[in-house]
Amino acid sequence: MKYKLETIPIWDALKEQSECPFCLLTDKAHERYIQYYLGNSAMNPETRVEVNKTGFCPDHFSRMLLARSPQHLGLMAHTHLQTRMEELEKEFPGPEKSLMGRLLKKESSPVQVFSESMRKKTDDCLICDRVASTLKRYTFTAVYLWKNREEGFREELEASKGFCLPHMTAVLEMAEEILPPAEGAEFSDFVKKIQMRNLKRLEEEILWFTQKFKAENFDNPWGDSEDAHYRLVQKLTGKITPH
């Protein structure tokens, strides 16, 4: 599979010295796509067809509500609802087949089939799909820069705070996809050293964070630990938490 190089965003994200550059990049991508779908694209017939068919997950519908663009959100939600109503009319479970016949054939019940379809449609999301595609481009770029020894990149990455655990997995998967086995093993070892050093740092910071609540530590400085709980949640989950 071919991926597009996007070097500048990777460099910029690394220089911010966050717990994970990919978290910053994906968070910006979420906001960019929310604004896209709430902007003039809402009036584009092709966009409306996409939205009608797929829609957005609960998380992104909630983010759209917070974005305060009610007219465009209302227009998209209306025609998406019409599509869902048509689907419900066709898919809603009817009278049961013979229970014994269904058990003998090991078939799922109509309600089970319907419920699975509803869960899938609730989870489907245009923005999630676009963000996932964007993350692929960014992880490809990072591995590409590492492989080609882009001037200063390995040093910048090595001095960074590493990645959150979900994005660490994503970049290792990309390395496996595009690097020869020997280079893939080298890259994995490179990432492991960065990760373990920074997980140890964060473990020490969260420990001091917890100890600061003891009376005897009240007047001692926080150091880098005052927001350690936020950064630890991000490291573990890949979700940037609001301070």
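Some values worked out for this structure:
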| quantity | calculated |
| --- | --- |
| Residue count, the stretch 14-73 (criterion: open to solvent by less than 30 Å² (accessible area, probe 1.4 Å), within 15 Å of C125 (Cβ to Cβ) and hydrophobic (A, V, I, L, M, F, W, C)) | 8 |
| Test set (1) surrounded by 13 or more Cβ atoms within 10 Å (Cβ to Cβ); (2) farther than 16 Å from G162 by Cα; (3) among the hydrophobic types (A, V, I, L, M, F, W, C) - F218 fails condition number | (1) |
| Within the stretch 52-71, tally of residues that are out of contact with any Cys (no Cβ under 9 Å at 6 or more places or on another chain) and not in a helix (DSSP H, G or I) | 3 |
| Residue in the stretch 134-141 that is within 30 Å of H80 (Cβ to Cβ), open to solvent by 60 Å² or more (accessible area, probe 1.4 Å) and at pLDDT 95 or above present | yes |
| Test: L172 is within 22 Å of G238 (Cα to Cα) and either touching a Gly at 6+ places or on another chain (Cβ under 6 Å) or at pLDDT 95 or above (or both) | yes |
| Filter result (part of a helix (DSSP H, G or I) and in contact with a helix residue (DSSP H, G or I) (Cβ under 8 Å, 6 or more places away or on another chain)) within the stretch 174-184 | M174, A175, E176, I178, E183, G184 |
| Selection status of E203, closer than 16 Å to L236 by Cα, in a helix (DSSP H, G or I) and of a type in the set (D, E) | yes |
| Scope the stretch 98-120; condition charged (D, E, K, R) and either surrounded by 13 or more Cβ atoms within 10 Å (Cβ to Cβ) or modelled with pLDDT of 80 or more (or both); matching residues | R102, E116, R119, K120 |
| Sole exception among (1) without any contact (Cβ under 8 Å) to a residue 60 or more places away in the chain; (2) out of contact with any His (no Cβ under 8 Å at 6 or more places or on another chain); (3) not aromatic (F, W, Y) for P9, by number | (1) |
| Which listed residue is of a type in the set (D, E, K, R) and touching a Lys or Arg at 6+ places or on another chain (Cβ under 8 Å), from E151, E176, E203, E156 | E156 |
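The values are calculated or read from the model by the stated rules, or taken from the named source; none is laboratory data. The model shown is predicted, which means the values in this text are computed figures rather than measured ones. Quick reminder, even Gly has a Cβ in these numbers, built from the backbone with ideal geometry, and neighbours come from all protein chains shown. Keep in mind that these areas ignore ligands, DNA and RNA; they rest on the heavy atoms of the full protein, side chains included. Shrake-Rupley method; radii C 1.70, N 1.55, O 1.52, S 1.80 Å.
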